[in-house]
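What follows is one structure encoded as structure tokens, with my remarks underneath.
The values are calculated or read from the model by the stated rules, or taken from the named source; none is laboratory data. From a predicted model like this one, the values you see are computed outputs, not experimental measurements. Using ideal geometry, Cβ is built from the backbone for each residue, glycine included, and neighbour counts are taken over all protein chains shown. Quick note on the areas: whole protein, heavy atoms, side chains included, nothing else; ligands and nucleic acids left out. Shrake-Rupley method; radii C 1.70, N 1.55, O 1.52, S 1.80 Å.
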Amino acid sequence: MEKLLELKNVSYSYQDGKEKNKILDHASYSFEKGKIYAVVGASGSGKTTTLSLASGLDKPDEGRVLFKGKDIQEIGLNKYRREDISIVFQSYNLIYYMNALENVMSALEIAGIKRKDKKEYCLSILEQLGLSKDECKRDIRQLSGGQQQSCLLYTSPSPRDRQKSR
């Protein structure tokens with residue numbers, strides 16, 4: 001099987017006052033294309049840190065993160081996050097002063113997806129995810145957790161959507 005993502009000898013620590021806390025110490029993981037993985041462990045064992053490093057949200061102190069054999073820092077972290085991965089956060093990370101429709105439209109802008117029918121397209125996506133037109137225009141904080149999660153699912157447009165816009 002093809003290795004899609006690898007963390008090679010990755011170390012990561014953070015400073016807490018005068019104390020340096022090492023979270024990962026020369027950890028190595030590899031993830032093969034077509035397989036499903038679960039990252040499990042005790043609280044504080046480095047699960048979220050591992051995911052943050054794998055997704056390019058943070059950089060390791062030592063070691064490398066490889067996507068399809070290439071270091072993600074060489075790819076460019078912004079490019080990697082924009083074109084190669086999608087992240088579903090524990091918290092929804094929606095922009096609270098925007099409604100659902102505006103959050104999704106903003107994601108298309110950030111991803112560089114150009115569409116003449118952007119508003120109608122985004123409404124269509126949100127309706128497919130179960131939101132009514134009224135709910136799409138409602139204050140994001142007035143939506144249920146599940147509805148907010150539906151909005152989040154489309155704030156990282158797929159590579160297929162990116163291709164269509166080119």
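Here are the numbers for the structure shown:
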{"item": "Potential lengthening between D139 and K47 on full extension [0.36 nm per residue; Cα-Cα distance subtracted]", "result": "29.9 nm"}
{"item": "Within the stretch 1-60, chymotrypsin sites (Phe, Trp or Tyr not before Pro) in DSSP loop having at most 13 other beta-carbon neighbours inside 10 Å", "result": "Y37"}
{"item": "The stretch 1-41 - convex hull of the alpha-carbon atoms, volume per residue in Å³", "result": "76"}
{"item": "Carbon plus sulfur fraction of accessible area for the chain, probe 1.4 Å, in percent", "result": "48"}
{"item": "Reciprocal mean inverse distance between Cα atoms of the stretch 1-90 - Kirkwood radius, Å", "result": "13.8"}
{"item": "Cα pair distances in the stretch 66-149, grouped into 10 Å bins until the bin that holds the longest one, percent each", "result": "16, 41, 28, 13, 1"}
{"item": "Gain on full stretching of the segment that runs from D71 to M1 - 0.36 nm per residue minus C-alpha separation", "result": "23.3 nm"}
{"item": "Average projection area in nm² (convex hull over Cα atoms of the chain, one quarter of hull surface)", "result": "11.9"}
{"item": "Cα-Cα P(r), the stretch 38-102, percent of pairs per 10 Å interval", "result": "17, 42, 30, 11, 0"}
{"item": "Accessible area in square angstrom per residue, the chain, 1.4 angstrom probe", "result": "63"}
{"item": "Percent RCO, i.e. relative contact order, over the stretch 87-151, from Cα pairs under 8 Å lying at least 6 residues apart", "result": "46"}
{"item": "Residues E120 and K35, FRET efficiency given R0 of 45 Å [Cβ-Cβ distance, rounded to 0.05]", "result": "0.75"}
